[in-house]
Amino acid sequence: MKDPSFGRSLALFRAFLREQEDPEACYSLLARDAVDQVEAYDGPVAGRTVVDVGGGSGHFTEEFRRRGAQAHLFEPDVRELGEKPPEGTVIADGYLLPLYDGVADVTFSSNVLEHVADPQTFISELVRVTRPDGLIYVSFTNWLSPWGGHEWAPWHYLGAERARARYRRRTGRAAKHTLGENLFAVHIGPTLRQVRARDDVRIVSARSRYWPFLSETVVRAPGIREVATWNLLLILRRCPP
């Protein structure tokens, strides 16, 4: 799918709507799209070492492997793994990966940053395990986007506790996410300022991951970007020492 384009955005949106009933189709499509993005910025992944941090059920890792990469999944929560996680999956915290410095050609993290209490320490660990000139792919759902509250969105605009209570009334079960425990209010502006202040990475692209047009332009608009971006994608390059 051409990225960005209306056709791509529509296909991904339709897949998200069917996530609960057909998660395999949804996440397989998302994985193909994400690896397409990595290759668009960094060339074919065949023969390269990829570290997938927080990849859950392993769809991203498997897609990297299908394209010839030596991909490895590091997931902190065993409950997020699918029935058949990729061979060699390691249960590990993204704050402290059991890897040497600079071992990865590509370090990949999809929709994890909003689930960690200390995003900058998490990013530092991604940078540490990436070789000089290697690529770092980080995407996250910013808090003020329409999907910022995850399963209780868009009612998070009225407050997290109110949104969680509404979710329980509507579904009869507790929400998976709790603000301040496994979901955090991460914003685009502060994140960009913190990343730009680092001397160990440079930003190749800061863009909306799913937006169908002007995907980088929307991120340059303070205020508007916090709502319109929906999901921020950072493509970073590890600086040589």
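The values are calculated or read from the model by the stated rules, or taken from the named source; none is laboratory data. Since the structure is predicted, the reported quantities are computational estimates derived from the model, not experimental observations. We place every Cβ from the backbone using ideal geometry, glycine too, and count neighbours over all the protein chains shown. The protein model used for the area step is the full one, side chains on, heavy atoms only, and it has no ligands, DNA or RNA in it. Shrake-Rupley method; radii C 1.70, N 1.55, O 1.52, S 1.80 Å.
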Phe184 over 29 Å from Met1 (Cβ atoms), in contact (Cβ under 8 Å) with a residue 12 or more places away in the chain and of a type outside the set (Asp, Glu): yes
Residue under evaluation Arg198, criteria (1) assigned to a loop (DSSP other than H, G, I, E, B); (2) of a type outside the set (A, V, I, L, M); (3) without any contact (Cβ under 8 Å) to a residue 24 or more places away in the chain, criterion not met: (3)
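Looking at Gly88, Gly58 in this structure, which one is open to solvent by less than 10 Å² (accessible area, probe 1.4 Å), free of Cβ contacts under 8 Å to residues at least 40 places away in the same chain, on the phi > 0 side of the Ramachandran plot and not hydrophobic (A, V, I, L, M, F, W, C)? Write out each step before concluding.
Numbers: Gly88 fails: open to solvent by less than 10 Å² (accessible area, probe 1.4 Å).
From the options Gly88, Gly58, the qualifying one is Gly58.
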Gly102 in a loop (DSSP other than H, G, I, E, B) and surrounded by fewer than 20 Cβ atoms within 10 Å (Cβ to Cβ): yes
Odd one out for Val38, checked against (1) without any contact (Cβ under 8 Å) to a residue 40 or more places away in the chain; (2) closer than 26 Å to Leu214 by Cα; (3) open to solvent by less than 20 Å² (accessible area, probe 1.4 Å): (1)
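So that you can scan it fast, the table gives a plain yes or no per residue for (1) hydrophobic (A, V, I, L, M, F, W, C); (2) assigned to a helix (DSSP H, G or I); (3) open to solvent by less than 20 Å² (accessible area, probe 1.4 Å); (4) under 15 Å from Arg238 (Cα atoms):
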| position | (1), (2), (3), (4) |
| --- | --- |
| Thr107 | no, no, yes, yes |
| Pro132 | no, no, no, yes |
| Arg168 | no, yes, no, no |
| Arg173 | no, no, no, no |
| Lys176 | no, no, no, no |
| Thr191 | no, yes, yes, no |
| Tyr210 | no, no, no, no |
Test set (1) in a loop (DSSP other than H, G, I, E, B); (2) touching a strand residue (DSSP E or B) at 6+ places or on another chain (Cβ under 7 Å); (3) of a type in the set (Ser, Thr, Tyr); (4) closer than 19 Å to Ser109 by Cα - Ser215 fails condition number: (4)
Any hit, the range 21-28, residues being surrounded by 20 or more Cβ atoms within 10 Å (Cβ to Cβ) and touching a residue at least 40 places away in the same chain (Cβ under 8 Å): no
Test result for Asp33, within 27 Å of Tyr100 (Cα to Cα), open to solvent by less than 10 Å² (accessible area, probe 1.4 Å) and modelled with pLDDT of 95 or more: no
